Amino acid sequence: MGNMKITLKDGSVKEVEKGVSLFEVAKSIHPALAKEAVAAEVNGEIVGMSYEVNTDIELSIFKFDSEEGKKVFWHSASHVLAQAVKKLFPGTKLGIGPAIDNGFYYDFDSEHQFTENDLGKIEKEMTKIVQSNLEIERFELPREEAIALMKEKNEDYKVELINDLPEGEVISFYKQGDFVDLCAGPHLPSTKPLKGMKLLSLAGAYWKGSEKNKMLQRIYGTAFPKKKALDEYLVMLEEAKKRDHNKIGREQEIFTTVDTIGQGLPLLMPKGAKLMQILQRFVEDEEERRGYELTKTPYMAKKDLYEISGHWQHYRDGMFLLGEEENEMMALRPMTCPFQFMIYKSKLRSYRELPVRYAETSTLFRNESSGEMHGLIRVRQFTLSEGHIICRPDQLADEFKRTVDLINYVMSAIGIKDDIYYRFSKWDPNNKEKYIDNPPAWESAQSKMKVILDDIGLDYVEADGEAAFYGPKLDLQIKNVYGKEDTIITIQIDFSLPEKFDMSYVDKESNKATPYVIHRTSIGCYERTLAILIEKFAGAFPLWMSPTQVKVLPIAEKFNDYGQEIVDKMLRAGIRVEMDERYEKIGLKIREARLEKTPYMIIVGENEENNQTVNVRSRDRGELGEIKLDDCIAELRDEIDNLTIIKKEEE
Ligand SMILES: [Zn+2]
Ligand SMILES: [Zn+2]
């Protein structure tokens, strides 16, 4: 038998005998690596460690700390969950059980209604399976035999999945002990490494995510190679729950949802609406200072418009359609670009007029699937600080820079500049369905963008297959309290739509020329940014964005008149102030104001009234004592105007 050449990630080459497993290869590199290896990549494909080397290969080995490793690890844990459930609740049918962000789930169709109480029992059974150190083996079957096996086990959903597989597809199974699951894999070589497992929650989930199908029972869990790592994760999770915008946003009456209205359609309550208005005024004023003009365009349009933009062809499933007749159909807008383009086109443009910068606080509609709805983050109707810059090629780099500058300014002001990173999102040449098929145009736009990014000196990572269907983009990425990453801001250079919409200007030589378009937002989608800010500040917003900035608390009713004097003066100074004039003990008023996380409390009694002073307590800086009323107003105004964010000392 000949030797096989293995090229490792660092470029070094290793020779092994034909048929040797990756596990053995890892062992020969370092015994510790074999112990920690979870999965591997062979010639670009993720495989399990039991994979046998039968040709020359390129190899990367993954430990749990890599994204690939975690996926295999968690997917293996989901099989253990399924095995335990089948043992404890015979007759349960299996849906699917994938790895997800931070763990895994499995969907079950069972006569038994799972409750929180069952989770501990299932965990115990899972521990037994792990301790038995069952080997996880892969085998393949021809279609007929695969269907027969799953029918014999009464796994109706698996039979359906096999029938859905295209003709000629390899049908593989994974077996551990007496448990068999239809699965593409890969998996851990045995159940042994799954040492720290925890089932976290229960939910209902429609089979294949469709409301037309049966509702299955979903069990969520997570797993780690060490018990200690699991414990640390659970502590982090508890902390995250305290900050979860979906929890404190409701507790603090920022938003609510109502089943009768629909999923993904949150209602902003007075406090939430005020927060959004504050952010919106801040953004619109800043944009105006930076040369943007405001537009106000319709929420819907005939399909003709979306046919030009390509949304009809590339994004139809994501739009809400109105009307029955195909040729009279309208759609709610998923973005504002085509509308602003029409404003640009409404008259002849000279090169001297460019750049044109349009901004709109736009209401947009996207038909996300109901399984993805989450608080203020995944919604079907949202508000975007949207804008389009139409410029000449010689202005592109400068306009892009200005856009990044505006965004950086906004991110600093709202206090999340240090939490974001930049991602240069490129297209995927192999995905012809998602992207406009024009390779030279993509290459040219992407290289232009790279030059600009490098020129600004931005620190960014590159990502393939993350571009919009019509162009590359620069994304600002942020992680929520659970570590789940989201895009908060996007800037795109568009090489395609200006031509499709026949946008033009008359250049210096009196020729017709095509402008560039930069699509951008400056604070992102208000709902999502609000969610991020709720989590960032755990509801204790900086003074300038707090819906109520000051609470005046008279220590007895007879000081309400002086309290009202303070309120009037502060209102005239543009400070959002409220008075608690109830006939209640001052201690209770203070406790309540603290729970509401009001930045400043002003306590007034006889002393203060006689001296024309106020007694100030800052949420972030503690007791400030007695201050002249006018000085207090000046200080607050200063903190507001400078958009100050006070870093709170650890409690
Ligand atoms: Zn599987
Ligand atoms: Zn746009």
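The values are calculated or read from the model by the stated rules, or taken from the named source; none is laboratory data. If you're wondering where the values come from, they're calculated on a predicted model, not measured in any experiment. For neighbour counting, all protein chains shown are included, and Cβ atoms are generated from backbone atoms with ideal geometry for every residue, glycine included.
Taking the stretch 60-95 as the range and being surrounded by 21 or more Cβ atoms within 10 Å (Cβ to Cβ), of a type in the set (Lys, Arg) and more than 18 Å from Ser190 (Cβ to Cβ) as the test, only Lys86 passes. Among the residues examined, Val481 does not qualify as in a strand (DSSP E or B) and either away from ligand 1 (no atom under 16 Å from the Cβ) or free of Cβ contacts under 8 Å to residues at least 24 places away in the same chain (or both). Would you mind stating whether Val13 is in contact with a Ser or Thr (Cβ under 8 Å, 6 or more places away or on another chain) and without any contact (Cβ under 8 Å) to a residue 40 or more places away in the chain? When the stated conditions are applied, Val13 passes them. Is it the case that Arg582 is closer than 16 Å to Leu553 by Cα and either modelled with pLDDT of 95 or more or in contact with a Ser or Thr (Cβ under 9 Å, 6 or more places away or on another chain) (or both)? For Arg582, the condition - closer than 16 Å to Leu553 by Cα and either modelled with pLDDT of 95 or more or in contact with a Ser or Thr (Cβ under 9 Å, 6 or more places away or on another chain) (or both) - is not met. Would you check if there is a residue in the stretch 49-59 being crowded, with 18+ Cβ neighbours inside 10 Å, in contact (Cβ under 8 Å) with a residue 24 or more places away in the chain and more than 30 Å from Lys5 (Cβ to Cβ)? No: zero hits.
Selection over the stretch 154-181 of residues that are within 15 Å of ligand 1 (Cβ to nearest atom) and closer than 16 Å to Ile96 by Cβ gives a count of 13.
Taken over the stretch 370-422, the criterion of being of a type in the set (Gly, Ala, Ser) and more than 15 Å from the chain's Cα centre (by Cα) is satisfied by Ser370, Ser385, Gly387, Ala397, Ser412, Ala413, Gly415.
Screening the stretch 179-192 for residues that are out of contact with any helix residue (DSSP H, G or I) (no Cβ under 7 Å at 6 or more places or on another chain) and farther than 15 Å from Glu155 by Cα and picking the one that is nearest to ligand 2 (Cβ to nearest atom) gives Ala184. Residues in the stretch 84-104 that are away from ligand 1 (no atom under 11 Å from the Cβ) and at negative phi: Ala84, Val85, Lys86, Lys87, Leu88, Phe89, Pro90, Thr92, Lys93, Gly95, Ile100, Asp101.
Among the residues of the stretch 270-282, the ones that are within 20 Å of Gln252 (Cβ to Cβ) and surrounded by fewer than 16 Cβ atoms within 10 Å (Cβ to Cβ) come to 4 in all. Tell me yes or no: at least one residue of the stretch 552-562 is away from ligand 2 (no atom under 16 Å from the Cβ) and within 28 Å of Leu643 (Cα to Cα). Within the stretch 552-562 (the criterion being away from ligand 2 (no atom under 16 Å from the Cβ) and within 28 Å of Leu643 (Cα to Cα)), the answer is yes, since at least one residue qualifies. Show the residue pairs meeting these rules: Cβ distance below 8 Å; 6+ apart or different chains; first residue within the stretch 186-214 and in contact (Cβ under 8 Å) with a residue 12 or more places away in the chain and of a type in the set (Gly, Ala, Ser); second residue assigned to a helix (DSSP H, G or I) and surrounded by fewer than 13 Cβ atoms within 10 Å (Cβ to Cβ). Partner pairs satisfying both residue conditions: Gly196/Lys227; Gly196/Lys228. Filtered by the rule that a residue be farther than 25 Å from Ile46 by Cβ and in a loop (DSSP other than H, G, I, E, B), the stretch 76-118 gives Phe89, Pro90, Gly91, Thr92, Ser110, Glu111, His112, Gln113, Phe114, Thr115. Note on the stretch 283-308: among residues that are part of a loop (DSSP other than H, G, I, E, B) and of a type outside the set (Phe, Trp, Tyr), the one that is surrounded by the fewest Cβ atoms within 10 Å (Cβ to Cβ) is Lys296. Taken over the stretch 255-307, the criterion of being under 30 Å from Glu328 (Cα atoms) and either in the same structural domain as Gln340 (by TED's automatic domain parsing) or of a type in the set (D, E, K, R) (or both) is satisfied by Lys296, Lys302, Lys303, Asp304, Glu307. Evaluate the following for Thr383: is it within 30 Å of Ile254 (Cα to Cα), in the same structural domain as Val517 (by TED's automatic domain parsing), surrounded by fewer than 20 Cβ atoms within 10 Å (Cβ to Cβ) and at pLDDT 95 or above? Answer is no for this residue. Residues in the stretch 1-48 that are surrounded by fewer than 15 Cβ atoms within 10 Å (Cβ to Cβ), of a type in the set (D, E, K, R) and part of a helix (DSSP H, G or I): Lys35 only. State the number of residues belonging to the stretch 309-356 that are in a helix (DSSP H, G or I) and under 30 Å from the mean Cα position of the chain (by Cα). Within the stretch 309-356, residues that are in a helix (DSSP H, G or I) and under 30 Å from the mean Cα position of the chain (by Cα) number 13.
For every residue, the table says whether it meets (1) part of a strand (DSSP E or B); (2) without any contact (Cβ under 8 Å) to a residue 60 or more places away in the chain.
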site: Glu462; (1), (2): yes, yes
site: Asp486; (1), (2): yes, no
site: Ile493; (1), (2): yes, no
site: Glu509; (1), (2): no, yes
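If the condition is being within 15 Å of ligand 2 (Cβ to nearest atom) and either aliphatic (A, V, I, L, M) or over 11 Å from Phe341 (Cβ atoms) (or both), then the stretch 500-519 contributes Met503, Tyr516, Val517, Ile518.
For the stretch 290-299, the condition of being out of contact with any helix residue (DSSP H, G or I) (no Cβ under 7 Å at 6 or more places or on another chain), of a type in the set (Gly, Ala, Ser) and more than 16 Å from ligand 2 (Cβ to nearest atom) holds for at least one residue. Checking each residue in the stretch 246-268 for being part of a loop (DSSP other than H, G, I, E, B) and either crowded, with 19+ Cβ neighbours inside 10 Å or in contact with a Ser or Thr (Cβ under 6 Å, 6 or more places away or on another chain) (or both) picks out Gln252, Ile254, Gln263, Gly264, Pro266.
Given the criteria without any contact (Cβ under 8 Å) to a residue 24 or more places away in the chain and more than 16 Å from ligand 2 (Cβ to nearest atom), does Gln313 qualify? Before you say what the answer is, go through the steps one by one.
Details: without any contact (Cβ under 8 Å) to a residue 24 or more places away in the chain: yes; more than 16 Å from ligand 2 (Cβ to nearest atom): yes.
Criteria met by Gln313.
A quick yes/no check of all residues on (1) under 30 Å from Leu268 (Cα atoms); (2) within 16 Å of ligand 2 (Cβ to nearest atom); (3) in contact with a Lys or Arg (Cβ under 8 Å, 6 or more places away or on another chain):
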residue	(1), (2), (3)
Phe339	yes, yes, yes
Lys347	no, no, no
Leu384	yes, yes, no
Gln395	no, no, no
Lys401	no, no, no
Ile407	yes, yes, yes
Ala413	yes, no, no
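Determine which member of the set Ile278, Ile308 is more than 16 Å from ligand 2 (Cβ to nearest atom) and not hydroxyl-bearing (Ser, Thr, Tyr). Result: Ile278 is the single residue among Ile278, Ile308 that is more than 16 Å from ligand 2 (Cβ to nearest atom) and not hydroxyl-bearing (Ser, Thr, Tyr).
Which members of the stretch 523-542 meet the condition of being in a helix (DSSP H, G or I) and of a type in the set (Phe, Trp, Tyr)? Step through it out loud before you land on a result.
Quick first cut of the stretch 523-542, residues in a helix (DSSP H, G or I) only: 526-537.
Within the stretch 523-542, Tyr526, Phe537 meet the criteria.
Among the residues making up the stretch 182-234, those that are in a strand (DSSP E or B), away from ligand 1 (no atom under 16 Å from the Cβ) and polar (S, T, N, Q) are Ser201, Gln217, Thr222. Inside the stretch 491-525, residues that are surrounded by fewer than 21 Cβ atoms within 10 Å (Cβ to Cβ) and within 17 Å of Arg402 (Cα to Cα) make up a count of 0.
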